[in-house]
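In what follows, a structure is listed as structure tokens, so that the remarks can point back to it.
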2 protein chains.
Amino acid sequence: MTLKTRRLRVPPLPIHVGVSPAIRPDDAPHPAGRQRGIDRLIGVLDLLQRRRQPMGAGDIARALGAPRSTIYEIVERLMDAQMLESSGAEGQVFFGRAMHLFGAAYLHGDAAMRRIGEALDALSADTGMTVQCCGRRGDKYVVLECRDGAGPFRITSEIGVEVPLPWTASGRLLLGHMSDEAIRAFVPPEDFHLPDGGVLPIRTFLDDVETARREGFSETTGLANSFTWCQAVPIFGRDGVAEFTLCFVLPVDSAAKQRARCLDLLLARAQHLSHTDTG
Amino acid sequence: MTLKTRRLRVPPLPIHVGVSPAIRPDDAPHPAGRQRGIDRLIGVLDLLQRRRQPMGAGDIARALGAPRSTIYEIVERLMDAQMLESSGAEGQVFFGRAMHLFGAAYLHGDAAMRRIGEALDALSADTGMTVQCCGRRGDKYVVLECRDGAGPFRITSEIGVEVPLPWTASGRLLLGHMSDEAIRAFVPPEDFHLPDGGVLPIRTFLDDVETARREGFSETTGLANSFTWCQAVPIFGRDGVAEFTLCFVLPVDSAAKQRARCLDLLLARAQHLSHTDTG
DNA sequence: GTTTTCTGTCCGGTATATCAGACACGCGTT
DNA sequence: AACGCGTGTCTGATATACCGGACAGAAAAC
């Protein structure tokens, strides 16, 4: 239970237009002691998914605080199974072909996700704008699916990028089922620090969540960046909790009329996808 | 080392238009004895990817010849990590959200695969036909990526479906780097039994492979089914081996002129994607 | 009704996977 | 040369993960 605050060398995370990646304190707490191979394996995959770039076995071991010999073993086994493959420079590994097949099987098998994909296609075709489906992963917001907009200077995003919930319109909806206290306890304090250096007051965020819950949608701008206008609407699961969101990422200078049209399209689609019958 | 030939209840495998799934004898040989958690985990994922449908923990254990208690444990852990999620009926599990994120990271990170995806988009837009990227997984052919054609009775396929190599045009190219003896040793004898009940003579197949290697493409019909005309061209890796193929799946009654055009498009794209400079 | 079959959970023993550490090697710096 | 640093491989010891089997409850079969 050694809680190291020492900050290991953090490799530069890629910067993406539209959403900037989450700043993790560093990595999951190192529970130390002997761990199961399965847990090591999951740690390796999660690490690669967050770093979003090939890593060497030694780097992985260091980042996870795991024994090198163990990680070398596991990485080798994962490469046999094509879940990892050598990538980039000598000795670097990243996700392999098998992961793609597993992921495709998920998309194909999950009826909700398949319908959402069709909705994104339609929204993208209708408007030419960047549209996303987002959800929660741990205490972060994550892009689950997206269709990039058209045009020379299009705003794009990347599946799997994690961002603090308070930076996003979707975040206001995805926490709509929680009480103020629950939200305070759930969202890490550092996630209220915006990338421009400012700090979002928690009270403001809680009010935003309440407003979003009442109005059934959320619009934000100037949070993760200053050049996008984000619209998000909730997709409710059977339990009435906002499981996913549909989002448009519009240029901040888009016309009010177009914004209104996009929001209407989103609301119609999301209502159709939700499991609640009470519109 | 009990080699059970008793055939366990085999759940019906889904039938897909265009390509029928591979008939596995049943499952991988059960090595028996105590196994590592990691190997069990990989077994679970591979099993679900082949069966292509949710399974209960008990079913998984039976299919793998693994102890129930172990599989229950591992499935639970995988659900915690969102690599599996409950799906379908009570107690059934299938791939989860995390697998999708891992798979998307693979597609994003693998430069070759990303360029292939763009090529498929272009080919699909140009022709409106079903187009695929295929590869080898073990001794089977597998669809790695696809874009389905337009139209009311379109021919579709599904990422991840495995099929015996001799049933496909791509199979003739993917074995192009092997000697006759190597091919005989590599392809399971039962894979020469076609779904219509006929048997493909090995000699014929070897000649096909030779022809495909010489001509740089392969066309087949009447193998996996009788209503498609398949065209495949190789994408060579740095070592000169056909690592992927690009394929059109055309209706068998398509015009010769259209076929010729499609083949030309394929060849141009694949040459551009190959790592060989000797066009 | 009884019986059988399945599911999900729990428990103790032991085969072994994980771990710490050593080692050889390559590479860049002093 | 000597040194520091990082990589990849190997080994032996031991903490424990995996396994077999038991158990209760539900559901299906008879």
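Laboratory data are not the source of any read-out in this text; all were calculated from the coordinates shown. Keep in mind that this is a model prediction, so the values were computed, not measured. For neighbour counting, all protein chains shown are included, and Cβ atoms are generated from backbone atoms with ideal geometry for every residue, glycine included.
Here are the numbers for the structure shown:
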{"item": "Average Cα contact separation per residue, chain A, under 8 Å, 6 or more apart, as relative contact order %", "result": "15 percent"}
{"item": "Extension reserve of the A:ALA182-A:HIS275 stretch, reckoned as 0.36 nm per residue once the Cα distance is removed", "result": "31.1 nm"}
{"item": "Label geometry 7 Å along the beta-carbon vector: A:ARG259 inter-copy distances in nm", "result": "5.7"}
{"item": "Of B:GLY197, B:GLY135, B:GLY216, the one that fluctuates the most in a GNM where chain B has Cα springs shorter than 10 Å", "result": "B:GLY197"}
{"item": "Amide hydrogen neighbours beyond the local backbone of B:THR228, cut-off 5 Å, H modeled", "result": "B:GLY222, B:VAL252"}
{"item": "Degrees, to the nearest 10: B:256-273 long Cα axis against longest axis of chain B", "result": "70 degrees"}
{"item": "Neighbour-count ranking [beta-carbon atoms within 10 angstrom, fewest first] of A:ILE155, A:ILE235", "result": "A:ILE155, A:ILE235"}
{"item": "Helix-only mean residue ellipticity at 222 nm for chain B, each DSSP H run of n ≥ 4 adding -39500 (n - 2.57), per residue, nearest 500", "result": "-12500 deg cm²/dmol"}
{"item": "Value of Rg to Rh for the protein assembly as shown (Rh from inverse mean 1/r over Cα pairs, i.e. Kirkwood)", "result": "0.97"}
{"item": "Set of the stretch A:119-134 residues, backbone N closer than 18 Å to the point 7 Å along the Cα-Cβ line of B:ALA125", "result": "A:121-131"}
{"item": "Label spacing, shortest first and in nm, from A:GLY197 to its equivalents in the remaining copies (7 angstrom along Cα→Cβ)", "result": "7.9"}
{"item": "Potential extension, A:GLU215-A:ALA111 segment - 0.36 nm per residue separation minus Cα distance", "result": "34.7 nm"}
{"item": "Residue-averaged beta-carbon neighbours from other chains (10 angstrom radius) around B:37-49", "result": "5"}
{"item": "Pseudo-label separations to other copies for A:TYR72 - Cα-to-Cβ vector, 7 Å, nm", "result": "3.8"}
{"item": "Degrees, to the nearest 10: B:202-215 long Cα axis against longest axis of chain B", "result": "50 degrees"}
{"item": "Exposed chymotrypsin sites (Phe, Trp or Tyr not before Pro) absent - longest run of chain B, DSSP non-H/G/I/E/B, at most 16 other C-beta within 10 Å", "result": "B:1-152"}
{"item": "Signed unit charges on C-beta, dipole axis of chain B, positive-most listed residue B:VAL161, B:ALA57, B:LEU273", "result": "B:ALA57"}
{"item": "Percentage of interatomic Cα-Cα distances in chain A larger than 31 Å", "result": "33 percent"}
{"item": "Dipole moment magnitude, nearest 20 debye, the protein assembly as shown about Cα centre, only Lys, Arg, Asp, Glu C-beta charged", "result": "860 debye"}
{"item": "Relative contact order of the stretch A:227-279, pairs being alpha-carbon contacts under 8 Å that are 6 or more residues apart, as %", "result": "42 percent"}
